[in-house]
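Report on one structure; see the data block that follows.
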Amino acid sequence: MSVLLEFLRFAHRAAVAQFTHVPPLQQLVKHTYQASVGSVALLTMLTVFAGLNLSVQSYATFERFGGQDFLGMFAGIGGVRELYPVMAAVVCGARIGANLAAALANMKISEQVEALEVMSIDPLRFLVAPRLWAVSIALPLLCGYADVIGIGASYVGAVYQLGLDGGTFFSQLKQFVHLPDLLVGVFKGLVFGWIVALIACFHGYRAAKRDGAEGVGVATNRAIVHGAVVCIVLNLVMSWALYG
Amino acid sequence: MSGAASLLARVLQPFATVGAISAFFFDVTRTALTSPRYVGETLRIMWILVVRCIIPVGLAVAPVGAVISLQGLEIFRMFGLDRMLSSLLGTAIFREYSPALASVMVAAQAGSSIAARIGTMRVRGQIDALAVMSVDPMRYVVVPGVIACAIVTPLLDVLTNVLGVASGWLFAVPLGGVDHGAFMEHLTAQVTAADLWVGLGKCVLFGTAVGLLAGYLGMKVKGGAEAVGQAANDTVTQTIVLILLVDYVVSMALLGAGL
């Protein structure tokens with residue numbers, strides 16, 4: 001419970017630092033590049049298989065009532081509204097979040113953060129704010145990218161493996177997946193990514209010198225696990241609010 | 001010339017890794033099938049895994065059932081099929097989401113800590129010390145981890161199946177207005193024992209992969225604390241990719257076999 005309070009306090013300070021302070025362009029570009037381009041390969045692999053699987057799975061389900069032509073709708077709605085944003089965020093947690101937590105914990109353990117404080121530089125502004133901005137920029141982009149790759153993979157799966165008609169797939173997609181769905185998905189990605197980055201920074205920041213190298217491992221692990229769980233729970237809350 | 005050589009090395013690198021992991025896999029299998037076995041150590045790791053994973057795994061899978069109900073209900077309503085929702089929910093949870101997500105969370109929580117532990121032992125020279133005492137490190141450190149993961153993941157999957165369907169029920173029946181009788185009828189009629197076994201079988205496969213990759217990356221650690229962290233991190237990302245890949249292959253195979 002006290003950890004939760006500590007987190008909320010940290011979140012407040014970090015958000016204030018983020019929104020009152022626009023980081024130098026050079027830092028912003030560096031962190032955004034690391035967060036986005038560094039995750040593209042992993043995210044591509046994951047969404048390709050997730051998209052293919054979504055096709056196979058909905059085919060297996062809808063075939064029972066002879067509704068396999070609705071696969072385009074199912075793959076589109078399920079993917080764009082739910083699966084790809086969560087996936088982009090969980091990947092972000094496993095890669096970007098882990099890197100953030102490890103980097104900050106390392107600085108904390110080697111007392112570099114205290115050194116900044118001594119020089120009267122606010123570490124939250126200097127270290128955390130640029131990273132939060134970077135993730136806020138990178139995640140919507142990654143999420144949109146995941147939508148495109150995932151739907152492409154679903155199409156390939158539906159047409160070339162399951163032998164469905166490509167035109168039907170696209171007309172289903174156009175009829176049932178609208179711009180608001182895409183925007184909501186990308187917005188979800190933004191929110192999840194921001195929260196994941198915040199959790200990662202929090203766990204990295206909590207590491208103390210006495211924890212030693214093991215503290216870095218603990219911070220990284222917690223960043224990944226807590227980030228993933230929070231994303232999935234938050235996804236339910238947002239879907240419930242938006243579609244329920 | 002050296003440019004071409006390094007390009008070739010980069011292209012061939014994944015194949016070398018796959019080969020090394022396969023060799024590692026055969027090594028683990030051979031060691032696991034011969035005595036002596038460290039049953040106590042395996043049980044100890046299993047217990048740690050259950051205690052550490054049960055909450056994150058439960059929290060990760062339960063909302064998924066609710067989301068499937070939420071979105072599925074909207075789609076099924078268009079065709080007036082909302083009574084059929086539970087057959088989609090049941091098969092999706094039992095066959096796909098519960099095994100995949102439970103395994104991903106086991107990889108994130110347990111796999112990374114197994115890799116970190118083995119890596120730390122490696123860095124501190126404890127692995128070599130074991131070998132000096134003529135205790136096979138493979139047998140004492142790696143194999144119990146792999147077996148524990150392979151057994152604990154399906155156990156957790158049973159729990160998450162229940163949680164996923166329960167949360168799906170919550171969002172379909174009291175909140176979504178589906179009739180309870182129709183929900184239960186389609187659940188029991190459409191979800192067969194085969195769905196359950198497919199899910200559990202996947203979990204054994206994924207759990208083994210988690211333990212194997214954690215052991216492999218942990219044993220490969222060279223250098224200091226940073227390499228340990230890297231191994232723990234790589235375990236998570238690489239197992240997630242592997243799980244999705246295997247999941248897709250298995251789904252295709254099952255569809256082909258008509259299961």
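For the reader, a short list of remarks on this structure follows.
- Taken over the stretch A:128-158, the criterion of being over 18 Å from the mean Cα position of the chain (by Cα), farther than 14 Å from A:THR44 by Cβ and open to solvent by less than 30 Å² (accessible area, probe 1.4 Å) is satisfied by A:SER154, A:GLY157, A:ALA158.
- Flag if A:LEU28 is modelled with pLDDT of 85 or more and surrounded by fewer than 24 Cβ atoms within 10 Å (Cβ to Cβ): yes
- Subset of the stretch B:122-139 [open to solvent by 30 Å² or more (accessible area, probe 1.4 Å) and either in contact (Cβ under 8 Å) with a residue 12 or more places away in the chain or farther than 21 Å from B:PRO36 by Cβ (or both)]: B:ARG122, B:VAL123, B:ARG124, B:ASP136, B:ARG139
- So B:LYS222, is it modelled with pLDDT under 85 and basic (Lys, Arg): yes
- Criterion applied to B:PHE24, B:PHE15 was being surrounded by 13 or more Cβ atoms within 10 Å (Cβ to Cβ), away from every other protein chain (no Cβ under 12 Å) and within 30 Å of B:MET219 (Cβ to Cβ), and the one residue passing it is B:PHE24.
- The stretch B:38-83: number of residues that are out of contact with any Pro (no Cβ under 9 Å at 6 or more places or on another chain), surrounded by fewer than 23 Cβ atoms within 10 Å (Cβ to Cβ) and among the β-branched types (Val, Ile, Thr): 6
- Residues in the stretch B:111-139 that are more than 14 Å from every other protein chain (Cβ to nearest Cβ) and either among the small types (Gly, Ala, Ser) or under 21 Å from B:ALA209 (Cβ atoms) (or both): B:GLY125, B:ALA129, B:ALA131, B:SER134, B:PRO137, B:MET138, B:ARG139.
- The stretch A:233-244, residues that are more than 7 Å from chain B (Cβ to nearest Cβ) and either more than 13 Å from the chain's Cα centre (by Cα) or not in a helix (DSSP H, G or I) (or both): A:VAL237, A:MET238, A:ALA241, A:LEU242
Let's see how each residue does on (1) open to solvent by 30 Å² or more (accessible area, probe 1.4 Å); (2) within 14 Å of chain B (Cβ to nearest Cβ); (3) touching a Pro at 6+ places or on another chain (Cβ under 7 Å); (4) not small (Gly, Ala, Ser):
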site: A:GLY72; (1), (2), (3), (4): no, yes, no, no
site: A:MET87; (1), (2), (3), (4): no, yes, no, yes
site: A:ALA102; (1), (2), (3), (4): no, yes, no, no
site: A:LEU116; (1), (2), (3), (4): no, no, yes, yes
site: A:ARG125; (1), (2), (3), (4): yes, no, no, yes
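- Exactly one residue out of A:GLU63, A:GLU6 is among the acidic types (Asp, Glu), free of Cβ contacts under 8 Å to residues at least 12 places away in the same chain and surrounded by fewer than 22 Cβ atoms within 10 Å (Cβ to Cβ), and it is A:GLU63.
- Evaluation of B:ASP195 against the conditions (1) within 26 Å of A:ALA153 (Cα to Cα); (2) under 15 Å from the mean Cα position of the chain (by Cα) shows that the sole unmet condition is (2).
- Residue within the stretch B:200-218 that is more than 10 Å from chain A (Cβ to nearest Cβ), open to solvent by less than 20 Å² (accessible area, probe 1.4 Å) and of a type in the set (D, E, K, R) present: yes
- Sub-7 Å Cβ pairs linking a first residue in the stretch A:167-184 that is within 14 Å of A:LEU242 (Cα to Cα) to a second residue that is surrounded by fewer than 17 Cβ atoms within 10 Å (Cβ to Cβ) and modelled with pLDDT under 85, at least 6 apart or interchain, are A:VAL184/A:LEU242, ordered by first then second residue.
- Some residue of the stretch B:76-85 being within 24 Å of B:LEU196 (Cβ to Cβ), in contact (Cβ under 8 Å) with a residue 12 or more places away in the chain and within 9 Å of another protein chain (Cβ to nearest Cβ): yes
- Any hit, the stretch A:167-184, residues being among the basic types (Lys, Arg), open to solvent by 70 Å² or more (accessible area, probe 1.4 Å), more than 11 Å from the chain's Cα centre (by Cα) and more than 29 Å from B:TYR248 (Cβ to Cβ): no
- The set of residues in the stretch B:219-251 that are over 27 Å from B:ILE127 (Cα atoms), within 7 Å of chain A (Cβ to nearest Cβ) and open to solvent by 50 Å² or more (accessible area, probe 1.4 Å) contains only B:LEU245.
- Considering B:GLY40, B:GLY65, B:GLY72, the condition of being more than 15 Å from B:GLY215 (Cα to Cα) and within 21 Å of the chain's Cα centre (by Cα) is satisfied by B:GLY65 alone.
The values are calculated or read from the model by the stated rules, or taken from the named source; none is laboratory data. Since we're looking at a predicted model, the values are computed, not measured. Here the Cβ is made from the backbone with ideal geometry for all residues, glycine too, and neighbour counts use every protein chain on show. These area figures cover heavy atoms from the full protein model, side chains too; ligands, DNA and RNA do not enter into them. Shrake-Rupley method; radii C 1.70, N 1.55, O 1.52, S 1.80 Å.
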